[in-house]
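Everything below concerns the one structure shown next.
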Amino acid sequence: MSPTDTPAPTRLRLAAEEAFAEEIEALRAADDRPRPPNWQMSPQAVVTYLMGGQTPSGAAISPKYIGDRRLMEIAVATLATDRALLLLGVPGTAKSWVSEHLAAAICGTSRLTVQGTAGTSEEAIRYGWNYALLLAKGPSREAVVASPVMRAMERGVIARIEELTHIPSETQDSFITILSEKTLPIPELNDEVPARKGFNLIATANNRDRGVNELSSALKRRFNTVVLPPPATIEAEIAIVESRVAALGRAFEIPAEPPGAAEIRRVVTIFRELREGVTADGKAKVKQPSGTLSTAEAISVVGNGLALAAHFGDGRLTARDLVSGIGGAVVKDPVQDAIVWREYLETVVKERPDWKDFYRAAREIG
């Protein structure tokens, strides 16, 4: 049984095109605007899918990205040309999430993905060989093992490259011919795979992680870069955390009450103040830890707290359920970050009258 044959209710995570299949179908059915070759909906409908709204028939479309609409318009317009798209930003700015939903909305599949790591080889990007067939019959198209990129070229759909800058520089340059010539040579067979209309690449990258390999100038020129910033306002970040935690609670069937807005606001406030180095009222500066304290980490902290409340509490999220998760997110360096966290607790948290429960829980846990 393949992963796609596994019954949806038993699967831990659904791909975007499955989880939001009804919304995609509603947009396709109501979309009468021109579509680029091999796209399943128009660029305007793709942006509506990402930003949320309504179809002409009144079907509600939930927002997948909470931020600047213009950024999504630029990203979608890029994919309607011969330029590849690079989503750039610090960790936790929804680059992978946006990449997945763009591919799902445009071509109906987000699974043609290469995960970039220090060990990603050229074969993972171009093609490999079935060595049993190669030895038995010699080089042939039958013996070629197509990469996700090759399959996307053959079908005229989008391939996704996650963490492009984690791929070694010499391997990254395998994309240059693909993006320039829109063809994938197979020199062993004196053959090539031409890209069908509709093919493109969406890559994600950040420059904050260790092990980053800068892109060559030649490769940079093949991408149009869209920088995804952290949420501009605390309200936007709270909305993101709230919606994603609700989805996690449903997926993992956590038997707890949905977290209160006050607890989520507290987590987001802590992350934003430490990330920006200043309190929300702008009156005091605070030291910044070494980590990024992204929105994704805030989602993880609240989700973990919800599991603690469900399985080791009374089902209601409390400060005690959140403290250990926040401390773990902040203290990446056990010396430097521990000092930052203690100072923040004593100079900021302790002085807030409505945060006494959080301060006590933090002191108890140590």
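Quick check, is Glu364 at pLDDT below 95, in contact with a helix residue (DSSP H, G or I) (Cβ under 8 Å, 6 or more places away or on another chain) and over 22 Å from Ile299 (Cα atoms)? Against the criterion (at pLDDT below 95, in contact with a helix residue (DSSP H, G or I) (Cβ under 8 Å, 6 or more places away or on another chain) and over 22 Å from Ile299 (Cα atoms)), Glu364 qualifies. Select from the stretch 187-214 the residues that are under 30 Å from Gln40 (Cβ atoms) and either surrounded by 16 or more Cβ atoms within 10 Å (Cβ to Cβ) or outside the structural domain of Thr93 (by TED's automatic domain parsing) (or both) and list them in ascending order. Passing the criteria: Val193, Ala195, Gly198, Phe199, Asn200, Leu201, Ile202, Ala203, Thr204, Ala205, Asn206. The helices (runs of 4 or more DSSP H) found entirely in the stretch 141-255 that carry 1 or more residues being farther than 18 Å from Ile125 by Cβ and out of contact with any Cys (no Cβ under 8 Å at 6 or more places or on another chain) are 217-220, 234-251. Residues considered: Gly53, Gly67. Of these, the only one that is of a type outside the set (Asp, Glu) and under 16 Å from the mean Cα position of the chain (by Cα) is Gly67.
The number of residues in the stretch 315-338 being surrounded by fewer than 18 Cβ atoms within 10 Å (Cβ to Cβ) and more than 19 Å from Arg360 (Cα to Cα) comes to 6. From the residues in the stretch 1-55 that are surrounded by fewer than 11 Cβ atoms within 10 Å (Cβ to Cβ) and over 23 Å from Ala247 (Cα atoms), which one is modelled with the lowest pLDDT? Step by step, filter the stretch 1-55, then rank; the result is Met1. Could you tell me whether Ala26 is assigned by TED's automatic domain parsing to the domain that holds Ile202, without any contact (Cβ under 8 Å) to a residue 40 or more places away in the chain and not in a loop (DSSP other than H, G, I, E, B)? In short, yes. With the condition kept exactly as written, say whether any residue in the stretch 75-91 is in contact with a Ser or Thr (Cβ under 9 Å, 6 or more places away or on another chain), modelled with pLDDT under 95, under 26 Å from Asn206 (Cβ atoms) and not aliphatic (A, V, I, L, M). Yes, the stretch 75-91 contains at least one residue that is in contact with a Ser or Thr (Cβ under 9 Å, 6 or more places away or on another chain), modelled with pLDDT under 95, under 26 Å from Asn206 (Cβ atoms) and not aliphatic (A, V, I, L, M). Does Pro255 meet the test of being loosely packed, with under 14 Cβ neighbours inside 10 Å, touching a residue at least 60 places away in the same chain (Cβ under 8 Å), out of contact with any Pro (no Cβ under 6 Å at 6 or more places or on another chain) and farther than 19 Å from Tyr359 by Cβ? Yes; evaluated as a whole, the condition is true for this residue.
Kindly indicate which of Arg360, Arg342 is more than 28 Å from Leu248 (Cβ to Cβ) and surrounded by fewer than 17 Cβ atoms within 10 Å (Cβ to Cβ).
Arg342
In the stretch 331-347, the condition of being assigned to a helix (DSSP H, G or I), under 25 Å from the mean Cα position of the chain (by Cα) and more than 26 Å from Arg13 (Cβ to Cβ) is met by no residue.
Look at Leu248 and say whether it is surrounded by 14 or more Cβ atoms within 10 Å (Cβ to Cβ) and under 20 Å from the mean Cα position of the chain (by Cα).
Yes; evaluated as a whole, the condition is true for this residue.
When Ala94, Ala132, Ala75, Ala103 are screened for being buried (at least 16 other Cβ atoms within 10 Å of the Cβ), aliphatic (A, V, I, L, M) and more than 16 Å from Ile158 (Cα to Cα), only Ala94 passes.
The values are calculated or read from the model by the stated rules, or taken from the named source; none is laboratory data. This one's a predicted model, so the numbers in the text were calculated from it and none came from an experiment. So basically every Cβ, Gly included, is an ideal-geometry build from the backbone, and we count neighbours across all protein chains shown.
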